[in-house]
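Below you'll find the structure, written out as structure tokens, and then a few comments.
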Amino acid sequence: MDNFIETLQDRGFVYQCTDLKQLTSLAAGKKIKAYIGFDCTAKSLHVGSLIQIMMLRWLQKLGHQPIVLLGGGTTKIGDPSGKDEARKILELKDIEENKSAIMQVFTKFLDFDSNNKAIIVDNDAWLSEIKYIDFLREYGSYFSINRMISFESVKSRLDREQSLSFLEFNYMLLQAYDFYNLHIKEGCMLQMGGSDQWGNIINGVELIRKKLGREAFGLTSPLLTTSSGTKMGKTEGGAVWLSESMLTPYDYWQFWRNTEDADVVKFLRLFTELPLDKIDELSKLKGKDINEAKMILADEATALCHGVSAAKTAKTTAQETFVLGGVGDNLPEYHVDLKRIKLGIDLYSLLVECGLAQSNRAARKLIEGNGARVNNEVVNNTKHLITEKGFKNDILKLSAGKKRHVIVRLAK
């Protein structure tokens, strides 16, 4: 059996570790449990969380047991890590709805029926029971304020003179308490997360050591940006969601197909399970041939998230749309009422409604820059009206650039 930690290193997942040598030895000798926490701030996770999900997947694939911690409790506060300002405080009912929806994401990537089946826990189960004064007396003395404000997640906010509320500052204690609880109840030895979580993870490792006299480990992955410097998972059209209800498999496939040349090999290592020797072969592709590697990346990543069938359908649709210049059967659809079309709809407005632009301003800019197409024809007039005349067999193809398309269908 391949060593879990060595596999993560070889594929580019490891950024920091509290004791890499000892953790590698531990993971080679016995089955371990590890967890990653995910707060419930939206109805889906997006590609920015995928690196952590893949770490849990490799953990399970190599014989260990993953624990998914849903932050039903910590979401009530909001994690300040990597944020310039406080997160919006969500209503409790919204947190519950988000939590239920996010659970479905993990059923795609993890096995919940095997001998080392994945476990899902909600930290609200223990955090909601905390009596604040008792908690401070029991655990507060194990945390140093000097140490806490030295962590980058806090220091960067203070250096920029951005407000950091006492509510947010408590997040560190609660995440440390999560690790402490999972260590006691589940025998969890390892917490993983993005590099912005390093301070929070260290607090948990130290709480376990100081209070219980036991060793636990922390490991972080690099925060990922594309070669052009944009944040992973963010596009002109918004976040790249992992739930089909928020982003179609076709658009998901297209996201990976549009990967920058310089990122293809890195993403193949992180977001697929292709053998490394196969990835090394693909790394030799240059020029136009690199498109073959991009399509393999799109196929493999989409199959993991949405299934093999959805990946094949997305690829076929893309070929019909781009290679043949037609209207792919499975392009995303947007329905408009015939009465509205008879009155005429501004092209810029329809681009926003269809999700091809984030705002009216962005849509107008797209049009002025020759990026908007109606039925494959460039339209650069910001006053252009979409009317019934543009529809053929009740459909119209609307495009933003050469790679993002929506079928507008008349609803009669």
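The values are calculated or read from the model by the stated rules, or taken from the named source; none is laboratory data. Keep in mind the model is a prediction, meaning the values are calculated, not measured. Quick reminder, even Gly has a Cβ in these numbers, built from the backbone with ideal geometry, and neighbours come from all protein chains shown.
Looking only at residues in region 233-272 that are among the charged types (D, E, K, R) and touching a helix residue (DSSP H, G or I) at 6+ places or on another chain (Cβ under 7 Å), the one that is surrounded by the most Cβ atoms within 10 Å (Cβ to Cβ) is Arg257. Residue count for region 92-130 under the criterion of being touching a residue at least 24 places away in the same chain (Cβ under 8 Å), polar (S, T, N, Q) and in a helix (DSSP H, G or I): the result is 2. Being assigned by TED's automatic domain parsing to the domain that holds Phe38 and in contact with a Phe, Trp or Tyr (Cβ under 9 Å, 6 or more places away or on another chain), is that true of even one residue in region 82-100? Within region 82-100 (the criterion being assigned by TED's automatic domain parsing to the domain that holds Phe38 and in contact with a Phe, Trp or Tyr (Cβ under 9 Å, 6 or more places away or on another chain)), the answer is no, since none of the residues qualifies.
Checking each residue in region 394-412 for being closer than 30 Å to Ala298 by Cα and in a loop (DSSP other than H, G, I, E, B) picks out Gly401, Lys402, Lys403. Within region 375-392, residues that are on the phi > 0 side of the Ramachandran plot sit with their Cβ atoms under 9 Å from residues that are of a type outside the set (Gly, Ala, Ser) and loosely packed, with under 15 Cβ neighbours inside 10 Å, at 6+ positions apart or across chains, in these pairs: Asn375/Lys392. Would region 207-217 turn up any residue that is surrounded by fewer than 20 Cβ atoms within 10 Å (Cβ to Cβ), in the same structural domain as Ile53 (by TED's automatic domain parsing) and on the phi > 0 side of the Ramachandran plot? Within region 207-217, one or more residues are surrounded by fewer than 20 Cβ atoms within 10 Å (Cβ to Cβ), in the same structural domain as Ile53 (by TED's automatic domain parsing) and on the phi > 0 side of the Ramachandran plot. Among the residues of region 131-145, those identified as assigned to a helix (DSSP H, G or I) and hydroxyl-bearing (Ser, Thr, Tyr) are Tyr132, Tyr139, Ser141, Tyr142. Just the residues that are in contact with a Phe, Trp or Tyr (Cβ under 7 Å, 6 or more places away or on another chain) and either without any contact (Cβ under 8 Å) to a residue 40 or more places away in the chain or surrounded by fewer than 20 Cβ atoms within 10 Å (Cβ to Cβ) (or both), please, taken from region 333-374. Those that are in contact with a Phe, Trp or Tyr (Cβ under 7 Å, 6 or more places away or on another chain) and either without any contact (Cβ under 8 Å) to a residue 40 or more places away in the chain or surrounded by fewer than 20 Cβ atoms within 10 Å (Cβ to Cβ) (or both): Glu353, Asn360, Ala363, Arg364, Ile367. Of everything in region 162-182, what is of a type in the set (Asp, Glu) and closer than 15 Å to Ile202 by Cβ? Give them in sequence order. Asp178 - this is the single residue of region 162-182 that is of a type in the set (Asp, Glu) and closer than 15 Å to Ile202 by Cβ. From Asn115, Asn123, Asn146, which residue is in the same structural domain as Leu173 (by TED's automatic domain parsing) and in contact with an Asp or Glu (Cβ under 7 Å, 6 or more places away or on another chain)? Exactly one of Asn115, Asn123, Asn146 is in the same structural domain as Leu173 (by TED's automatic domain parsing) and in contact with an Asp or Glu (Cβ under 7 Å, 6 or more places away or on another chain), namely Asn123. All conditions but one from (1) at pLDDT below 95; (2) crowded, with 20+ Cβ neighbours inside 10 Å; (3) under 22 Å from Glu244 (Cα atoms) apply to Gln104; the one that does not is (2). Does Leu297 satisfy being farther than 30 Å from Phe267 by Cα, buried (at least 19 other Cβ atoms within 10 Å of the Cβ) and either under 25 Å from the mean Cα position of the chain (by Cα) or at pLDDT 90 or above (or both)? Here the answer is no, as Leu297 does not meet what is asked.
When each of Gln9, Gln16, Gln52, Gln22 is tested for being over 22 Å from the mean Cα position of the chain (by Cα), in the same structural domain as Lys76 (by TED's automatic domain parsing) and either of a type outside the set (Ser, Thr, Tyr) or crowded, with 22+ Cβ neighbours inside 10 Å (or both), the lone residue that passes is Gln22.
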